[in-house]
1. Between a residue in segment 45-59 that is closer than 13 Å to Gly73 by Cα and any residue that is of a type in the set (S, T, N, Q), which pairs come within a Cβ distance under 6 Å, given they are 6 or more apart or on different chains?
2. Does Ile67 fit the bill of being of a type in the set (A, V, I, L, M), part of a helix (DSSP H, G or I) and modelled with pLDDT of 85 or more?
3. Restricting to segment 31-50, and then to whatever is open to solvent by 50 Å² or more (accessible area, probe 1.4 Å) and among the small types (Gly, Ala, Ser), can you tell me which residue is modelled with the lowest pLDDT?
4. Every residue in segment 53-64 that is part of a helix (DSSP H, G or I) and either open to solvent by less than 90 Å² (accessible area, probe 1.4 Å) or at pLDDT 75 or above (or both), please.
5. Which residue pairs have Cβ atoms closer than 6 Å, lie 6 or more positions apart in sequence or on different chains, and pair a first residue in segment 1-26 that is over 23 Å from Glu118 (Cα atoms) and at pLDDT 90 or above with a second residue that is open to solvent by 60 Å² or more (accessible area, probe 1.4 Å) and not in a helix (DSSP H, G or I)?
Amino acid sequence: MPQQLSRDDLKELLNIALKEYEWLRREIDQRVVARSQLISFIGAMAVLASAVGTILLKDGKQGLSGIFVSGIGAFFVLAIVYWRTSNKSIVRLGAYLEGLEKKINTLTVELYGEVTVEWETQREGVRQQSPNWLMKVGGSVLALYRREPMARPTPFNRVGWP
């Protein structure tokens, strides 16, 4: 015969889930800030590269400018790879948070009769309903959307939970 969890046990599970949710949201925020800083750095590098390339070409140093442009090109490729990897990790975190929201909401409905968190669930719905094919393709290339199911928290498997 399964033992039911007490109200205090449910509150403790809710507190743990909310703390994990808070930490993961903070992780996403930090990654978004780092990504924004990368964009600023890439912009500054593009301006610098343009200036140096122009000066080298003006001085008649085509060979040196070619090497310089190749190096800048390699930097941009690495920056785009970092950008894409960062986006993929943010999307993975969002998918995990979406599952965690379901756990939190299950607990809050059980304890208080209300759903409390829905941000990631709603955002995923918006992301999946992109307005046109160009947005969908761009989102896929930049890893802004998830294409396959992501890892999610497992359902409650404690005594008394289905």
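1. Listed by first residue and then by second, the contacts come to Gly53/Ser65.
2. Details: of a type in the set (A, V, I, L, M): yes; part of a helix (DSSP H, G or I): yes; modelled with pLDDT of 85 or more: no.
No: the conditions fail for Ile67.
3. Only one residue tops the list, namely Ser50.
4. First, the residues of segment 53-64 that are part of a helix (DSSP H, G or I): 53-58, 62-64.
Across segment 53-64, the qualifying residues are Gly53, Thr54, Ile55, Leu56, Lys58, Gly63.
5. Listed by first residue and then by second, the contacts come to nothing, as the list is empty.
The values are calculated or read from the model by the stated rules, or taken from the named source; none is laboratory data. Note that this is a predicted model, so its numbers are computed, not measured. Heads up, the Cβs are rebuilt from the backbone with ideal geometry, glycines too, and the neighbour counts pull from every protein chain shown. Keep in mind that these areas ignore ligands, DNA and RNA; they rest on the heavy atoms of the full protein, side chains included. Shrake-Rupley method; radii C 1.70, N 1.55, O 1.52, S 1.80 Å.
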